[in-house]
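K.L.:
Sending over a structure as structure tokens; questions will come in a sec.
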Amino acid sequence: MDTFTLLLAGFASALTLSNVLAALVGCMLGTVVGILPGLGPSTTVALLIPVAFSLQPESALIMMLGVYLGAMYGGSLTSILMKVPGEASSVMTAIDGFEMAKKGRAGPALAVAAIGSFIGGTLSVIGLMLFAPLIARYALAIGPAEYFSLMVAALLFTSVLMGADMIKGLVSIAIGLLIAVVGSDLQTGVPRLTFGQSTFLEGIDIIIVLMGIFGVGEVLWYLTHRNENQRGGERIGLKGKLWLTRDDWKRSWPAIIRSSIIGFFAGVLPGAGSSLAGVLGYTVEKRRAKHPERFGQGAIEGVAAPETANNAATGGAMIPMLTLGIPGSGTTAVLLVVFTIYGIQPGPRLMTDNAELVWALIASLYISNILLLLLNLPLIPLFVKILDVPVRFLMPTILVIAAVGAYSMKNSFADVVLLFIFGGIGFLMRRLGIPLVPLILAAILAPKMEQSLRQATLLSDGDWSTFLTRPISAVFLAAGLIFVLADVISKNRRRRSLIPATAEDD
Amino acid sequence: MKRSARFTLAAATAAIVAITGVSCSSNAGSGGTDGAVEYPSGAIEFATAGDPGGGLDLFARQIQQTLSAESLTDAQIDITNIGGGGGNPTMALGRQRAGTAETLLGNSNRVYLNPIMGTTDLTMGKDFVPIAQLMTEYVVLAVREDSPFTSGSQVMEALREDTRALTLGVGTVPSDDQLHLLRAAEAAGVAAEDLNIVAFSSGGDLLTQLLGGQVDAISTGFSEALPQYEAGEIRILAISAPERLDGPASGIPTWIEQDVDVVVEHWRGVFGPADMPATAVKYWEDTFEKMVATDAWADVLERNQWAPLFRTGDDFGAIIEEEAETGERLLRSVGLIE
């Protein structure tokens, strides 16, 4: 049977009433979970395991995939409306998304997030369908050395997010790195910078950092700048249309297409998948933009790109799971557990032994993406009502949501304290004009990067040339280098100075 | 079809309840057992040192399910996930709730590894008491199917000649993955402290590294290696069980069969708070003893690729002390502790 016939058969089984209902329930749950920071998709899928016992394997898995996709959609909502990213993957959305909201353009921001998510999600399922076995084999060639070089290239690439002041950018990165090294060292199990506190043994959760620096920091900023506003009775409100303008469309389309491709490939990589996807999607658009200074001030591409990319990553992340039986992310790891509960052996033979199930799942991904678009678009007018709430009520609400989110991750009060500490750090940094984005990037990328470096040098028995002698690794490094050179040259030619970036500069 | 649709809806409702319920499961019970009321009289909080979906969470949930399906206890068991902190916050409940009878704690070998590594001062006996060891997983040594090695003893021979002959992958450090390698090496006369062992954070990542040829051999739980083993992508050279297992592992020789005298049990067990009343300890020992004899538990073991293992109270405690001693000596020899 060819792919098309298999897919049709998949649709036939995914389109039964109970399976569509399962997808619908999953999507709705996922959206809610995405909105609530702290409760991530992997936790939710795990909590659904007992429910799964009472369902057909197909329905249960479809519901869980719905949760996974829904969470990616939902994550954009709090990012845009409150600058509280619910998932690491929607951090980049918060930057321009919240700026758009402040300008009264929350409607288009949410709409483009939903549309981008839909297109990115759908394109990545097509990619999954057509290229899965091929890509899976290539992905295996990515070892620690290659991963490290890829991260170096990515970091060079994202240097555009540094902002104008180099020193301040480096300070921001240094703080991010400091946060990233807290916790037990993977290679030795030795606690680093934990100050004897068990809370720090497994490191500081990136979500806490994000919610603190962005969400709580924003509230503190508002508190100290209140006098500039009028008496605190003001509201953000809405201006203009809820829907995208012609100009919005023109800007968003190319970003959505590019980010779909980027997100898909980033998703295949183990470990960093969807958050890396968001970062890369955003950076590429900023790089390509004629007026990169618009980014951080509410550029619609800045919302379209990361939201598309993190949804496109879901299809990529499923490739190692379906073709090799190896989880590429927290959520897919839990999904594999569910497979085994049903006595389905995930692994290299899954696609041949259980073709019917796999294709039903793939078909359900298409269905869930459509359901999510249908669920999300009509709700936009409702969601944006939040911004009609006077700011003096909205700000405390942000604090509450962030605090509840921080607590619910591990039922730990210490995390709430940490949240507010990071809020303070975020506020001080803004005060001093230190950009926040480099810190976030460092905190997201550094743990994986450090481990890859250590693993690669351990494997090569301390020989650092491993990064140059391994061909794929060398290609990544060269790409990073060429990129920097090209950048310098083009800058000299166009005499375009580094543009002061991002939302932090008030 | 209509019926199954309704079923889905019901399941969804249950899901929502489950999700909203999880973050607010409250501290169960207070005080010790009351002589007049038969134990257990109320809800029991089963705190597990892991996030939902993780190994220890699955362990707790399978116990909860089996006990209720077989009606082995009148107690209502509520599971609380206390993730993070290397499992220390879970065991801290043992100290906080000393003398009470309404808390059970699910954990693994971290109860002794953490004190060895100096990340906690919570220790067995003083802060929590052993109740029962309920099952184990065995650890395997695996290579890619195109590897020149066909037995565990061959690997050990190669390492005896050159301890850096192979790069070895494990999940985390310190762990049973790692101790398995160190103990097997020691038993085979290899200088364990010189081995090149690299940690790869998770079992999934570890297998990717093996399949991609980044490491020569890995040490991991049998259940994690099983899919690739059945697909013929990897070869399993040795398993850390005391004797040949049944089922999918029946083709795998133990270390002992290969003249390497080593057994590693990656067990999971249940503990109680410090000074848990003897009646309560006894109650759970008996209840678990009944549980592990049921067919339902046998199914659970089979489904998860766990192996049967049952020890209670003092036997359980003695094993932990023995493992802790070996672990401390080996970790000291490789320089992880001073």
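The values are calculated or read from the model by the stated rules, or taken from the named source; none is laboratory data. Since this is a predicted model, take the numbers as computed values, not measurements. Cβ coordinates were reconstructed from backbone atoms using ideal geometry, including for glycine residues, and neighbour counts include every protein chain displayed. When the accessible area is computed, the model is the full protein with side chains, heavy atoms only, and any ligands, DNA or RNA have been set aside. Shrake-Rupley method; radii C 1.70, N 1.55, O 1.52, S 1.80 Å.
K.L.:
Only one residue in A:94, A:9 is within 29 Å of residue A:408 (Cα to Cα) and assigned to a helix (DSSP H, G or I), so which one is that?
P.N.:
On the way: A:9 fails: within 29 Å of residue A:408 (Cα to Cα).
Residue meeting the stated conditions: A:94.
K.L.:
Can you run down the residue pairs with Cβ atoms below 7 Å, 6 or more apart or on separate chains, where the first is in the stretch A:190-203 and more than 9 Å from chain B (Cβ to nearest Cβ) and in contact (Cβ under 8 Å) with a residue 12 or more places away in the chain and the partner is charged (D, E, K, R) and crowded, with 21+ Cβ neighbours inside 10 Å?
P.N.:
That search, which allows pairs on different chains as well, returns nothing.
K.L.:
Another question about this same structure. Would you mind stating whether residue A:400 is touching a residue at least 12 places away in the same chain (Cβ under 8 Å), part of a helix (DSSP H, G or I) and not hydroxyl-bearing (Ser, Thr, Tyr)?
P.N.:
Numbers: touching a residue at least 12 places away in the same chain (Cβ under 8 Å): no; part of a helix (DSSP H, G or I): yes; not hydroxyl-bearing (Ser, Thr, Tyr): yes.
Judged against the criteria, residue A:400 is not a match.
K.L.:
Scan the stretch B:49-73 for residues that are facing chain A (nearest Cβ under 10 Å) and aliphatic (A, V, I, L, M) and jot them down.
P.N.:
The one that is facing chain A (nearest Cβ under 10 Å) and aliphatic (A, V, I, L, M): B:58.
K.L.:
Inside the stretch B:187-223, can you point out the residues that are within 7 Å of chain A (Cβ to nearest Cβ) and in a strand (DSSP E or B)?
P.N.:
Answer for the stretch B:187-223, where residues must be within 7 Å of chain A (Cβ to nearest Cβ) and in a strand (DSSP E or B): B:196, B:198, B:199.
K.L.:
Next question. Could you give every pair whose Cβ atoms fall below 6 Å, whose first residue belongs to the stretch B:210-238 and is closer than 19 Å to residue A:143 by Cα, and whose second residue is part of a strand (DSSP E or B) and polar (S, T, N, Q), counting only separations of at least 6 or pairs across chains?
P.N.:
Close Cβ pairs satisfying both conditions: B:215/B:167; B:216/B:167.
For every residue, the table says whether it meets (1) of a type in the set (Asp, Glu); (2) in contact (Cβ under 8 Å) with a residue 12 or more places away in the chain; (3) open to solvent by less than 30 Å² (accessible area, probe 1.4 Å).
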{"site": "A:83", "(1), (2), (3)": "no, yes, yes"}
{"site": "A:89", "(1), (2), (3)": "no, yes, yes"}
{"site": "A:93", "(1), (2), (3)": "no, yes, yes"}
{"site": "A:119", "(1), (2), (3)": "no, yes, yes"}
{"site": "A:146", "(1), (2), (3)": "yes, yes, yes"}
{"site": "A:157", "(1), (2), (3)": "no, yes, no"}
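K.L.:
Yes or no: the stretch A:47-62 includes at least one residue that is under 19 Å from residue A:276 (Cα atoms), in a helix (DSSP H, G or I), open to solvent by 10 Å² or more (accessible area, probe 1.4 Å) and within 14 Å of chain B (Cβ to nearest Cβ).
P.N.:
no
K.L.:
In addition: Among the residues of the stretch B:115-153 satisfying the criterion of being among the aromatic types (Phe, Trp, Tyr) and in a strand (DSSP E or B), which is nearest to residue B:169 (Cα to Cα)? Write out each step before concluding.
P.N.:
Start the filter on the stretch B:115-153 by keeping residues that are among the aromatic types (Phe, Trp, Tyr), which leaves B:128, B:138, B:149.
Those left that are additionally in a strand (DSSP E or B): B:128, B:138.
Working: B:128: 33, B:138: 16 Å.
Within the stretch B:115-153, the match that is nearest to residue B:169 (Cα to Cα) is B:138.
K.L.:
When you scan the stretch A:410-506 for helices (runs of 4 or more DSSP H) that lie fully inside it, which ones turn up with 2 or more residues that are more than 14 Å from chain B (Cβ to nearest Cβ), out of contact with any helix residue (DSSP H, G or I) (no Cβ under 6 Å at 6 or more places or on another chain) and at pLDDT 85 or above? If you could, list the steps in order and put the result at the bottom.
P.N.:
Values: elements: A:413-431, A:437-459, A:466-469, A:471-494.
Counting at least 2 such residues, we get A:413-431, A:471-494.
K.L.:
For the stretch A:325-390, which fully contained helices (runs of 4 or more DSSP H) count at least 2 residues that are open to solvent by 20 Å² or more (accessible area, probe 1.4 Å) and touching a residue at least 12 places away in the same chain (Cβ under 8 Å)?
P.N.:
Numbers: elements: A:330-341, A:350-353, A:355-383.
Where helices (runs of 4 or more DSSP H) fall fully within the stretch A:325-390 and carry at least 2 residues being open to solvent by 20 Å² or more (accessible area, probe 1.4 Å) and touching a residue at least 12 places away in the same chain (Cβ under 8 Å), they are A:330-341, A:355-383.
K.L.:
Right, something else. Residue under question is residue A:440, and the condition is that it be among the β-branched types (Val, Ile, Thr), open to solvent by less than 20 Å² (accessible area, probe 1.4 Å) and in contact (Cβ under 8 Å) with a residue 12 or more places away in the chain; does it hold? So that I can check it myself, show each step before the final result.
P.N.:
Details: among the β-branched types (Val, Ile, Thr): yes; open to solvent by less than 20 Å² (accessible area, probe 1.4 Å): yes; in contact (Cβ under 8 Å) with a residue 12 or more places away in the chain: yes.
Against the criterion (among the β-branched types (Val, Ile, Thr), open to solvent by less than 20 Å² (accessible area, probe 1.4 Å) and in contact (Cβ under 8 Å) with a residue 12 or more places away in the chain), residue A:440 qualifies.
Per-residue answers, yes or no, for (1) without any contact (Cβ under 8 Å) to a residue 12 or more places away in the chain; (2) more than 20 Å from residue B:279 (Cα to Cα); (3) within 13 Å of chain A (Cβ to nearest Cβ); (4) of a type in the set (Phe, Trp, Tyr):
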| site | (1), (2), (3), (4) |
| --- | --- |
| B:87 | no, yes, yes, no |
| B:94 | no, no, no, no |
| B:112 | no, yes, no, yes |
| B:124 | no, no, no, no |
| B:129 | no, no, no, no |
| B:133 | no, no, no, no |
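K.L.:
With respect to residue A:24, is the statement that it is at pLDDT below 90, open to solvent by 10 Å² or more (accessible area, probe 1.4 Å), over 29 Å from residue A:212 (Cβ atoms) and in a helix (DSSP H, G or I) true?
P.N.:
Here the answer is no, as residue A:24 does not meet what is asked.
K.L.:
Any residue in the stretch A:148-155 that is under 20 Å from residue A:280 (Cα atoms), under 19 Å from the mean Cα position of the chain (by Cα) and open to solvent by 40 Å² or more (accessible area, probe 1.4 Å)?
P.N.:
Looking through the stretch A:148-155, at least one residue is under 20 Å from residue A:280 (Cα atoms), under 19 Å from the mean Cα position of the chain (by Cα) and open to solvent by 40 Å² or more (accessible area, probe 1.4 Å).
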